[in-house]
1. Using +1 at the Cβ of each Lys and Arg and -1 at the Cβ of each Asp and Glu in region 28-79, identify which of Ala76, Tyr55, Gln36 lies farthest towards the dipole's positive end.
2. Taking the simple approach of a point 7 Å from Cα along Cα-to-Cβ for both Thr89 and Arg128, what is their distance in nm?
3. How far apart, in nm, are two points set 7 Å out from the Cα along the Cα-to-Cβ line at Glu118 and at Val138?
4. Quick one: if the Förster radius is 35 Å, what FRET efficiency do Ala39 and Glu18 give, using the C-beta to C-beta distance and rounding to 0.05?
Amino acid sequence: MSGLDLTLDPERQPRRFEVINGAGGRRQWSVDDKAQIIAETLEPNAIVSEVARRYGLRPQQVFAWRREARKQAASAQQEFPAFVPAVVTSPTPEPAPKRPARPRKKKSARDAGVIELEIDGIAMRVGRGADTKTVAAVIRALKATS
């Protein structure tokens, strides 16, 4: 008699049979369900093992889902810039207060090589042989007052 022939030995007959109907195998979790479970594990004082047990999962599976979600978030950040490009425009200049125009003098030979600067309505003439340090100091002072 073989060990598989249970009908001949009345003491070895199985007492209970379990019949499983429907599709077997792995459960399929939707993306929304996974996101909800992951969100629960990220709450303050949440314990991943407890959340996994509540849904009939193993903690390893939930940790794998979290790792996958982190990878997807990192790849999404690489596709799009993590900053907003800044657009810099120059401010519109305010019109200077109108001052009466000075009559222009005719240029003479002594005016040759003279530099005229006007900063915020203040005119400055730099003649030949002027000290560069002095001129630079006057220009800085004019800019500081504007």
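No lab work stands behind these numbers, since they all come straight from the coordinates. This one's a predicted model, so the numbers in the text were calculated from it and none came from an experiment. With ideal geometry, Cβ positions are generated from the backbone for all residues, glycine too; neighbour counts draw on all protein chains shown.
1. Tyr55
2. 4.8 nm
3. 1.7 nm
4. 0.45
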